[in-house]
Amino acid sequence: MSVVERAGLALLRRVDPERAHRLALLGLRTGLVPLPAPVESPRLRVRLAGLDLPNPVGLAAGFDKNATALAPLGRAGFGFIEVGAVTPRPQPGNPRPRLFRLPRDGAVINRFGFNNDGAGAVAARLARRPAGMVVGLNIGANKDSADRAGDYAAVIATCGPHIDFATVNVSSPNTERLRALQGAEALAALLARVAEARAGLPSAIPVFLKIAPDLSDDELAAIAETARDGGVDAIIATNTTLARESLREPNADEAGGLSGAPLFEKSTRVLARLSQLTDGALPLIGVGGVDSAETAYAKIRAGASAVQIYTALSYHGLSLVGRINRGLDAALERDTFASLGDAVGTARDAWL
């Protein structure tokens, strides 16, 4: 980490976390944030659900909700970027404060509630995105929607022509009853509407499904089966957790989803179980507590074909992207894997 990056992170930590987030995006757009050089290696290239990724380290949804900083993020060394979550209509989200740092835990709690500019505004920005980058969109339903499945379909119809993949988010804990859509019957009906909307696009795009970490084995098995039958192309495991275990910060009891280092073991066990359940039929993306090359490599060996980061950026800066990719490349060479794909799932049983 450079002196400039270290100083910038220290300054951002002195202000309210949501304001710091807005300042970070402003710094990216205005060129004030130093961007790391991309790491290139044939070992790191990944083909995921028909997408060719230069490396397996993606940016998770939530950082650039409204697709306002795509150009600089595209130069920051990510293998792919996911923006959103986006709903058909703009909505302000939940009352503030709604974002809380837990620095001693390497974690964050948020209860944003899908605050975003709406599908129309985001689609216009996505239509102008730079070429040469893989960009996906996390999609959700408006809080007051009477037809939540219809909301997902509407966002795909509006934004689908301008993205490389769409992620169906049924796992945010911050929209009331949203996680109920993970039930087999509700999920099957939702995926059918999504498939119908995708069929109406000028060209087909992969559809990913993002699930919660707070699921039983039976629930995971049902989701895996429904995802396969519903035409899902990959599963993202996982979103934030409602659990609060062994946290040290006094604000750990704030309502919302917990992300960061405390989520690592829980989300990786879910990932490994999904890998076992799907047995290679669906690629998996590992999210939750990835803050180093070691944790990224553990996700890959547990069954992930790619990983995503977000919370760790607030503690380690954008240079983390390059550090993870360099460390992954070194680990693959050390363990004599010719490609990242050869390492996927090789230590899955250790997490079961």
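Please quote Rg/Rh for the range 163-254 to two decimal places, taking the Kirkwood radius as Rh and restricting both calculations to Cα atoms. Write out the running numbers ahead of the final one.
Numbers: Rg = 15.1 Å, Rh = 14.4 Å.
When Rh is taken as the Kirkwood radius, the ratio is 1.05.
If you stretched the chain out fully between residue 52 and residue 245, how much longer would it get, using 0.36 nm times the residue separation minus the C-alpha to C-alpha distance? If you can, show how the numbers build up before the last one.
Details: separation 193, 0.36 × 193 = 69.48 nm, distance 3.77 nm.
Taking residue 52 through residue 245 to full extension adds about 65.7 nm, to one decimal.
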Quick one: accessible surface of residue 21, probe radius 1.4 Å, all protein chains present, in square angstrom to the nearest 10.
30 Å²
DSSP beta bridge pairing in the range 139-279, given as percent antiparallel to the nearest 5
10 percent
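Based on the alpha-carbon gyration tensor of the range 200-313, what equivalent-ellipsoid semi-axes (square roots of 5 times the eigenvalues) come out, in whole Å, largest first? Don't jump to the answer; show the numbers that get you there.
Numbers: eigenvalues 129, 46, 42 Å².
Rounded to whole Å, the semi-axes are 25, 15, 15.
Considering only DSSP beta bridges with both partners in the chain, what is the antiparallel share in %, to the nearest 5? Spell out each step's value before the answer.
Values: 13 of 41 bridges.
The antiparallel proportion sits near 30 percent.
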Could you put 53, 242 in order of accessible surface area, largest first, with the 1.4 Å probe and the full protein assembly present?
242, 53
Using the Cα atoms as the points, what is the convex hull volume per residue of the range 284-352 in Å³?
75 Å³
For the pair residue 32/residue 204, report the inter-label distance in nm, with labels modelled 7 Å from Cα in the Cβ direction.
4.6 nm
Got a number for carbon plus sulfur as a percent of the chain's accessible area, 1.4 Å probe?
52 percent
Rounded to two decimals, what is the ratio between the C-alpha radius of gyration of the range 261-313 and 2.2 N^0.38 Å?
1.03
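Out of all DSSP beta bridges in the range 77-150, what portion is antiparallel? Express it as a percent rounded to 5. Intermediate values should be presented prior to the final figure.
On the way: 5 of 10 bridges.
Around 50 percent antiparallel, to the nearest 5.
The range 110-189: D in µm²/s via Stokes-Einstein (Kirkwood Rh, Cα pairs, 10 °C, 1.306 mPa s)? Kindly include the intermediate steps, with their values, before the conclusion.
Working: Rh = 13.5 Å.
Roughly 118 µm²/s, to the nearest whole number.
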Cα-based Rg/(2.2 N^0.38 Å) for the range 109-157, rounded to two decimals, is 1.31
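For the range 1-96, report the % of Cα-Cα distances exceeding 17 Å. Intermediate results must be reported in sequence, preceding the final value.
Working: 2783 of 4560 pairs.
Looking at the range 1-96, the distances longer than 17 Å represent 61 percent of pairs.
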For the chain, what is the per residue volume of the convex hull drawn over the alpha-carbon atoms, in cubic angstrom?
123 Å³
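Helix-only mean residue ellipticity at 222 nm, the chain, DSSP H runs n ≥ 4 weighted -39,500 (n - 2.57), per residue, nearest 500. What is it? Numbers along the way, then the final one.
Numbers: 12 runs with 129 residues, N = 352.
After summing the helix terms and dividing by the residues of the chain, the value is -11000 deg cm²/dmol.
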So what is the accessible area of the range 35-98 per residue, in Å², with the probe set to 1.4 Å?
38 Å²
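The values are calculated or read from the model by the stated rules, or taken from the named source; none is laboratory data. Remember, predicted model here, so these are calculated numbers, not experimental data. Note that each Cβ is placed from the backbone with ideal geometry, even for glycine, and that neighbours are counted across all protein chains shown. When the accessible area is computed, the model is the full protein with side chains, heavy atoms only, and any ligands, DNA or RNA have been set aside. Shrake-Rupley method; radii C 1.70, N 1.55, O 1.52, S 1.80 Å.
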